[in-house]
1. Round to a whole number: what % of the accessible area of the stretch 1-105 belongs to carbon and sulfur, probe 1.4 Å?
2. Given a 1.4 Å probe and heavy atoms of the protein chains only, how would you sort HIS75, HIS278, largest accessible area at the top?
3. Quick one: order ARG219, ARG15 from most to least accessible surface, probe 1.4 Å.
4. Excluding ligands, DNA and RNA, what is the solvent-accessible area per residue of the stretch 27-163 at a probe of 1.4 Å, expressed in Å²?
5. If you add up the charges near SER226, with Lys and Arg at +1 and Asp and Glu at -1, over every other residue whose beta carbon is less than 11 angstrom from its beta carbon, what do you get?
6. Taking all protein chains as present, what is the carbon and sulfur share of the accessible area of the stretch 222-294, in % to the nearest whole number, probe 1.4 Å?
7. Going down the table (LYS31/LYS144; LYS155/LYS254; LYS171/LYS229), which pairs top 32 Å between alpha carbons?
8. Based on alpha-carbon centroids, what's the gap between the stretch 244-266 and the stretch 87-110 in Å, whole number please?
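The values are calculated or read from the model by the stated rules, or taken from the named source; none is laboratory data. Predicted, not measured: the structure shown is a model, and the values here were computed from it. Glycine gets a Cβ as well: all are built from the backbone with ideal geometry, and neighbour counts include every protein chain shown. Ligands, DNA and RNA are stripped out before the accessible areas are found, and what is left, the full protein with its side chains, is counted by its heavy atoms. Shrake-Rupley method; radii C 1.70, N 1.55, O 1.52, S 1.80 Å.
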Amino acid sequence: MCACALCSPQEHRVRTRHGPLSVSVYGDEDKPALITYPDVALNHMSCFQGLFFCPEAASLLLHNFCVYHITPQGHELGAAPISSDVPVPSVDDLADQVADVLDFFSLGAVMCLGVTAGAYVLTLFATKYRERVLGLMLVSPLCKAPSWSEWLYNKVLLNLLYYYGTRGLVKESLLQRYFSMEVRGNRQDPESDIVQACRSLLEERQGANVWRFLQAINRRHDLTESLMKLQCRTLIFVGENSQFHADAVHMTTKLDQRYCALVEVQACGSLVTEEQPHAMLIPMEYFLMGYGLYRPPQQDTSPRSTLNPFCISPELLSPESMGVKLKPIKTRISLNV
């Protein structure tokens, strides 16, 4: 792993048909592309830093990919509030922005990695632009329209965001969305470092900009029927204690079982990339092996050719190939810390 690849990204401001986006590019642009998209109120530093600072995962991903971190509009560090005159984008607009980013960098078919709301956007992108997606790695994904309870909860959160920004109750609600109780702390145990870091980053976020993203996600439509038409390989991670566990299971049952696997991480919330990134390593490694991609000790030269999704055998994502036991459709990974 090249340390400079993590420390010195190339920052780009990309004009899309629905407004400008910030994209941080890490690595050699001759390599295949990995597109990432974070959850509500997060950017790549607060959503994917844990994964990319995990040496084994970073060596696997940065050795094989050039990483393009898409930051939702107004979620970059130091962003100013977006004017209320700018229309709130729909989820389809957000998916179209991803296509515009690919066009800006002259990218063909890409691998995608998204978390919760970001996973929904990338899944929607995959259903609209199927020829441009080679594979999906999704963390605690959404795929259905919001339930009445989620919709109402988000409406309350939207009102609080509008008037108070990402402070107080809003911040606590977002932290509950991301993390399990184990790391959020209690009267006996202090809050973990990753939660404290996320709390600090949320303080810098513009409430009006977070409001826009959450509003779009709260108006999302059901992708269930479109999922059945997806042919790309899909690897889904979900924390055992994630608020969106049911969505991840539902999504797995609707995807073609030959091309999909669900990895359930024990004692973890939704943000697996930060809370337990090591749990993602082995499943990702087996998933990417089917594309001919390996960690550096197993492959001396960097990949230069386009990935070929059709070289993955259906058995690749089977429970046995991952080296872990499945309960009917889910892989349970437990970390002994």
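1. C and S fraction of accessible area: 54 percent.
2. The most accessible residue leads, giving HIS278, HIS75.
3. Descending accessible area places them as ARG15, ARG219.
4. That works out to 33 Å² per residue.
5. In short, +2.
6. 49
7. LYS31/LYS144; LYS171/LYS229
8. Going from one Cα centre to the other spans 25 Å.
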